[in-house]
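**Q** This is the structure, below, for whatever I ask next.
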Number of protein chains: 2
Amino acid sequence: MAPVIGVFDSGFGGLTVLRELRKSLPGADYLYFGDTAHLPYGAKSVRTVAKYATASAHFLEQSGIEILVIACNTATALAFDDIRNAVKVPVVGVIEPGAERAATISKTKKAAVLATEATVASHAYQLALQRLGLQATEKACPLFVPLVEEGWVEHPVTEEVAHIYIDEIFSEHAAAREADVLVLGCTHYPLLRPLLRRVVPARVEIVDSAESTAAKVVEMLGKNSAQGKEGGIRCYTTDSVEKFRVLGGRFLGSPITHTELIDIEK
Amino acid sequence: MAPVIGVFDSGFGGLTVLRELRKSLPGADYLYFGDTAHLPYGAKSVRTVAKYATASAHFLEQSGIEILVIACNTATALAFDDIRNAVKVPVVGVIEPGAERAATISKTKKAAVLATEATVASHAYQLALQRLGLQATEKACPLFVPLVEEGWVEHPVTEEVAHIYIDEIFSEHAAAREADVLVLGCTHYPLLRPLLRRVVPARVEIVDSAESTAAKVVEMLGKNSAQGKEGGIRCYTTDSVEKFRVLGGRFLGSPITHTELIDIEK
């Protein structure tokens, strides 16, 4: 039997992780939960994020998943332990895999991290990278998510904003000047990867935590666990189903067919 | 006795309405509710916005307000009737006062409106202006709120984004070409007014719905109802109190001293 993989995010960004998972494990069945009634998590407090994330994790567990991927950097940063304690299935976050990949690549042992305000404030990447022997400089990029959601992924304004953020992190922080790896610490950011590649210094390799997280799940389940016939994707959202379909398709890279409205505040 | 005025918004933007109210009615006591755990409302559905807005309105009513100002364009657009039916005190929204002001000013009887995605999708301004004999062209500006919250109110990037939005509305829509009034249909936008004044064609007058709404409340309560000794402001928020203090002060234009955390999902 193909495994049922649960993927959770505050909104649409986690679909970039689902897209990567599907490349490696096409035969798995996927349940995706986007807590869009409460997005964005990026500027909310630990207490609030933990409450919504554990309620969503419970829902997915009751729906029969065998493994849960927290495809949201903010939820992983703020509430990973809460979520792990709330469910019985194995839980994979997006931060460890991204940090591990950065540690493998880096020669200078210095990394830069772009993320939301809440992820940066938690210093989750800094701590994860520190445990792996890397010094990390983190930078909050609050405009990237709305720019991606506006669809401006190859827009001059986005390029200008990227220059401002990237210049700030690489020129103003002494440690970042020697960084040879940049971690995209938000699941919206992979959509900006081609643009960022042009803006980020050539010596710096870009690590996409969506990719690294998918690789981690494949490692846990085994590559042969879900090959063959393509499995299904069921999406659950806490706000407009119509909006989820339209915006979600952009992140998944293919149309979204099955979406249901769910209330986790009951 | 000075009146107790309740002001509700999904976040901080409504503080621009409170600031205007205070100029005219300094002696009133103000209770401000910012539903920051659920912000932004701008991209959420009617059902979700109505649920949060009525819960917040109930809380303010139970706290002793005599009048409720819905200082949030999205909540007014999507849930005004729900809120009015949920409470016994008089309710003032931000849309009617802004539309009335525009109708008074306009000679061409054509208006342009900038607002969030949800407010535009509701066509609440278009309908309100139509009832007053004006033809309105609406434009969603989803990047303005995050730009204001990043503090980039006088930033070249914001000016470029403003040029894109303003050019789109005034050049691509035949009716807007004759508009002589532009309504700021989001309580975040007054912070961008000086920048917008430089970008918007000189023949077009800018109407700030925060100002018009304050004027409406003064008209209802009477200017003499709250003069004399300055009243207090108590703020309630559904997410981080610390963040509310820091960001809120920027919108209010003065420091925020009393803030309490409230849970409306119980």
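The values are calculated or read from the model by the stated rules, or taken from the named source; none is laboratory data. Computed from a predicted model, the values in this text were never measured in an experiment. As a convention, Cβ positions derive from the backbone with ideal geometry for all residues, glycine included, and neighbour counts pool all protein chains shown. The protein model used for the area step is the full one, side chains on, heavy atoms only, and it has no ligands, DNA or RNA in it. Shrake-Rupley method; radii C 1.70, N 1.55, O 1.52, S 1.80 Å.
**Q** Counting just the residues of the stretch A:17-39 that are of a type outside the set (Ser, Thr, Tyr) and within 14 Å of another protein chain (Cβ to nearest Cβ), which one comes out nearest to A:Gly228 (Cα to Cα)?
**A** Across the stretch A:17-39, the extreme among qualifying residues is A:Gly34.
**Q** Here's another thing I want to ask about it. Conditions first: (1) within 13 Å of chain A (Cβ to nearest Cβ); (2) crowded, with 17+ Cβ neighbours inside 10 Å. B:Thr187 passes all but one, so which condition is the exception?
**A** (1)
**Q** Let me ask something additional. From the list A:Pro190, A:Pro194, A:Pro201, pick out the single residue that is part of a loop (DSSP other than H, G, I, E, B) and out of contact with any Lys or Arg (no Cβ under 6 Å at 6 or more places or on another chain).
**A** Result of the check over A:Pro190, A:Pro194, A:Pro201: A:Pro201.
**Q** Are there any pairs, at least 6 apart or on different chains, whose C-beta atoms fall under 6 Å, with the first in the stretch A:42-56 and without any contact (Cβ under 8 Å) to a residue 60 or more places away in the chain and the second of a type in the set (Asp, Glu) and in a helix (DSSP H, G or I), and if so, which?
**A** Matching pairs, first to second residue: A:Ala50/A:Asp82; A:Thr54/A:Asp82.
**Q** For the stretch A:93-150, name all the residues that are in contact with a Leu (Cβ under 7 Å, 6 or more places away or on another chain) and β-branched (Val, Ile, Thr).
**A** A:Val148
**Q** Now for a different question. Are any of the residues in the stretch A:226-240 of a type in the set (S, T, N, Q) and more than 14 Å from chain B (Cβ to nearest Cβ)?
**A** Yes, the stretch A:226-240 has at least one match.
**Q** Yes or no: A:Ala71 open to solvent by less than 10 Å² (accessible area, probe 1.4 Å), under 22 Å from A:Gln126 (Cα atoms) and not assigned by TED's automatic domain parsing to the domain that holds A:Leu127?
**A** Values: open to solvent by less than 10 Å² (accessible area, probe 1.4 Å): yes; under 22 Å from A:Gln126 (Cα atoms): yes; not assigned by TED's automatic domain parsing to the domain that holds A:Leu127: yes.
Yes: the conditions hold for A:Ala71.
**Q** Does any residue of the stretch B:161-169 turn out to be outside any helix (DSSP H, G or I) and open to solvent by 10 Å² or more (accessible area, probe 1.4 Å)?
**A** No - not one qualifying residue is present in the stretch B:161-169.
**Q** Moving on to the next point. Give me the pairs, please: first residue somewhere in the stretch A:109-122 and assigned by TED's automatic domain parsing to the domain that holds A:Leu134 and outside any strand (DSSP E or B), second residue anywhere and of a type in the set (Val, Ile, Thr) and buried (at least 21 other Cβ atoms within 10 Å of the Cβ), beta-carbon distance under 6 Å, and either six or more positions apart or on two chains.
**A** Pairs that qualify, where the first residue is assigned by TED's automatic domain parsing to the domain that holds A:Leu134 and outside any strand (DSSP E or B) and the partner is of a type in the set (Val, Ile, Thr) and buried (at least 21 other Cβ atoms within 10 Å of the Cβ), are A:Thr116/A:Thr74; A:Ala118/A:Thr74; A:Thr119/A:Thr74.
**Q** Evaluate the following for A:Thr116: is it within 14 Å of chain B (Cβ to nearest Cβ), over 17 Å from the mean Cα position of the chain (by Cα) and buried (at least 21 other Cβ atoms within 10 Å of the Cβ)? So that I can check it myself, show each step before the final result.
**A** Numbers: within 14 Å of chain B (Cβ to nearest Cβ): yes; over 17 Å from the mean Cα position of the chain (by Cα): no; buried (at least 21 other Cβ atoms within 10 Å of the Cβ): yes.
When the stated conditions are applied, A:Thr116 does not pass them.
**Q** A further question follows. Check off (1) within 14 Å of another protein chain (Cβ to nearest Cβ); (2) small (Gly, Ala, Ser); (3) within 15 Å of B:Arg234 (Cα to Cα) for B:Gly14 and give me the number that stays unchecked.
**A** Checking B:Gly14 against (1) within 14 Å of another protein chain (Cβ to nearest Cβ); (2) small (Gly, Ala, Ser); (3) within 15 Å of B:Arg234 (Cα to Cα), the one that fails is (1).
**Q** Let me ask something else about it. Going through the stretch B:174-184 one residue at a time, which ones are in a loop (DSSP other than H, G, I, E, B) and either within 10 Å of chain A (Cβ to nearest Cβ) or in contact (Cβ under 8 Å) with a residue 40 or more places away in the chain (or both)?
**A** B:Ala179, B:Asp180
**Q** In the stretch A:188-206, what count of residues is obtained for those that are touching a Leu at 6+ places or on another chain (Cβ under 8 Å) and either among the polar types (S, T, N, Q) or farther than 17 Å from A:Pro142 by Cα (or both)?
**A** 4
**Q** Given (1) in contact (Cβ under 8 Å) with a residue 60 or more places away in the chain; (2) of a type in the set (D, E, K, R); (3) within 14 Å of chain B (Cβ to nearest Cβ), identify the lone condition not met by A:Arg245.
**A** Evaluating A:Arg245 over (1) in contact (Cβ under 8 Å) with a residue 60 or more places away in the chain; (2) of a type in the set (D, E, K, R); (3) within 14 Å of chain B (Cβ to nearest Cβ) leaves (1) as the failure.
**Q** Same structure again: Starting from residues that are over 22 Å from B:Leu191 (Cα atoms) and of a type outside the set (S, T, N, Q), keep the ones in the stretch B:100-113 and report whichever is least open to solvent (accessible area, probe 1.4 Å).
**A** B:Ala103
**Q** So B:Leu129 ticks every box in (1) touching a helix residue (DSSP H, G or I) at 6+ places or on another chain (Cβ under 9 Å); (2) away from chain A (no Cβ under 14 Å); (3) open to solvent by 30 Å² or more (accessible area, probe 1.4 Å); (4) at pLDDT 95 or above but one. Which box is left unticked?
**A** (3)
**Q** Sticking with this one: Considering each of B:Ala210, B:Ala215 in turn, give the residue that is touching a residue at least 24 places away in the same chain (Cβ under 8 Å), part of a helix (DSSP H, G or I) and surrounded by fewer than 17 Cβ atoms within 10 Å (Cβ to Cβ).
**A** B:Ala215
**Q** Within the stretch A:218-248, track down each residue that is open to solvent by 20 Å² or more (accessible area, probe 1.4 Å) and small (Gly, Ala, Ser).
**A** Passing the criteria: A:Gly222, A:Ser225, A:Gly228, A:Gly232, A:Ser240.
**Q** Sticking with this structure for a sec: Quick one: is A:Leu192 outside the structural domain of A:Ile256 (by TED's automatic domain parsing) and either among the aliphatic types (A, V, I, L, M) or open to solvent by less than 50 Å² (accessible area, probe 1.4 Å) (or both)?
**A** For A:Leu192, the condition - outside the structural domain of A:Ile256 (by TED's automatic domain parsing) and either among the aliphatic types (A, V, I, L, M) or open to solvent by less than 50 Å² (accessible area, probe 1.4 Å) (or both) - is met.
**Q** Considering only the stretch B:137-160, how many residues are in a loop (DSSP other than H, G, I, E, B), among the aliphatic types (A, V, I, L, M) and buried (at least 21 other Cβ atoms within 10 Å of the Cβ)?
**A** 1
**Q** Only residues that are surrounded by 18 or more Cβ atoms within 10 Å (Cβ to Cβ) and out of contact with any strand residue (DSSP E or B) (no Cβ under 8 Å at 6 or more places or on another chain): list them for the stretch A:87-99, please.
**A** Residues satisfying the conditions are A:Glu96, A:Pro97.
**Q** Among the numbered conditions (1) assigned by TED's automatic domain parsing to the domain that holds B:Thr16; (2) in contact (Cβ under 8 Å) with a residue 24 or more places away in the chain; (3) of a type outside the set (D, E, K, R), tell me where B:Gln62 comes up short.
**A** Failed condition: (2).
**Q** How about the stretch A:51-64: which of its residues are more than 12 Å from chain B (Cβ to nearest Cβ) and part of a helix (DSSP H, G or I)?
**A** Correct list: A:Ala53, A:Thr54, A:Ser56, A:Ala57, A:His58, A:Phe59, A:Leu60, A:Glu61, A:Gln62.
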